Amino acid sequence: MRTTQYGKDSVIKTTVICTAIIAAGIWHHSAGGAAISAAGALYIAFTLYFYRDPERSAPGDANAIIAPADGKVLLVRTVDHPLTGQPSTLVSIFMSPFNVHVNRIPVDGRVTHRSYHPGKFLMAFDHRSMTDNERMEIGIDSRFGPLWFCQVSGFLARRIVCRLEQGDTVTAGNRFGMIKFGSRVDIVLPGTAAASVAVGDKTVAGETVIARAKGF
């Protein structure tokens, strides 16, 4: 399985350091040394697993809005949002450290907003994290209307990667970044779209349809 381009530096550094640890453990010729070597090997394996980047196929549905993240739906509720208007629908997806953390574009369109906000590192499943945590906000103008989504850091996350720039033309299902370790992605759907997921549902970035546009 391929490793995401957003984590190659981390994978290389981890592999170099852990290889040295493994060699030191082997050289020690003891039970403690064997344990150290095993720990180094396990950390390399976890790092490769965490930065995995499987291929995904977007659904062939012109009216679909697809999940930007792997994870579990924490929240689906009606909101009034300054970009998408009223009524809009908020869908929040929690990403555990064991989910694929590469994020994908939810809908075709053009990036109209990109804004980074430093902040706290509350647990990602704490709904206060939506406004208090470090986050990257992105707005897309789509044929269904404006759509907003946000990469939110979690308790363990300390780096958000976003390769989008204002003015970019984007395609649903394409990779655009990642959040390292436990985190969440919040997406606000315009009133033209009806959510097709519920709290507790599992999502697959780039594949799961989380909403469909009405009247298109």
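Laboratory data are not the source of any read-out in this text; all were calculated from the coordinates shown. Computed from a predicted model, the values in this text were never measured in an experiment. Note: ideal-geometry Cβ built from the backbone for every residue, glycine included; neighbour counts use all protein chains shown.
Key figures for this structure:
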{"item": "Likely footprinting exposure, 178, 130, fewest C-beta neighbours within 10 Å first", "result": "130, 178"}
{"item": "Charge tally in the Cβ shell below 12 Å around residue 140, where Lys, Arg are +1 and Asp, Glu are -1, residue 140 excluded", "result": "-1"}
{"item": "Diffusion constant of the chain at 20 °C, which comes from Stokes-Einstein with the Kirkwood Cα-pair radius and 1.002 mPa s, µm²/s", "result": "118 µm²/s"}
{"item": "Degrees separating the helix 31-50 axis from the principal Cα axis of the chain, which is the longest one", "result": "20 degrees"}
{"item": "Choice from 134, 165, 55 with maximal GNM fluctuation in the chain (Cα, 10 Å cutoff)", "result": "55"}
{"item": "Local net charge near residue 72, Cβ-Cβ under 10 Å (Lys/Arg +1, Asp/Glu -1)", "result": "0"}
{"item": "Net charge contributed by nearby residues that have their C-beta within less than 11 Å of residue 10 (K/R +1, D/E -1)", "result": "+3"}
{"item": "Where trypsin sites (Lys or Arg not before Pro) fall in DSSP loop in region 169-216, at most 13 other Cβ within 10 Å", "result": "214"}
{"item": "For the chain, built as a Gaussian network whose Cα springs stay under 10 Å, the top-fluctuating residue of 139, 177, 60", "result": "60"}
{"item": "Order of 95, 136, 1 under a 10 Å beta carbon neighbour criterion, fewest first", "result": "1, 136, 95"}
{"item": "Residue order, fewest to most surrounding Cβ atoms within 10 angstrom, among 27, 148", "result": "27, 148"}
{"item": "Electrostatic dipole magnitude of the chain [Cβ: Lys, Arg +1; Asp, Glu -1; Cα centre; debye, to 20]", "result": "240 debye"}
{"item": "Of 196, 96, 88, the one that fluctuates the most in a GNM where the chain has Cα springs shorter than 10 Å", "result": "196"}
{"item": "Folded to 0 to 90 degrees: helix 8-28 orientation relative to the chain principal axis, Cα", "result": "20 degrees"}
{"item": "Protection proxy ranking of 35-48, 67-80 - average other beta-carbon atoms within 10 Å, highest first", "result": "67-80, 35-48"}
{"item": "Förster-model FRET efficiency, 35 Å R0, residue 96 and residue 29, C-beta, rounded to 0.05", "result": "0.35"}
{"item": "Pairs beyond 20 Å (Cα-Cα), from 13/120; 72/214; 120/180", "result": "13/120; 72/214"}
{"item": "Among 76, 30, 179 - extreme Cα towards positive end, dipole of the chain, charges at beta-carbon", "result": "30"}
{"item": "Relative contact order of the chain, pairs being alpha-carbon contacts under 8 Å that are 6 or more residues apart, as %", "result": "25 percent"}
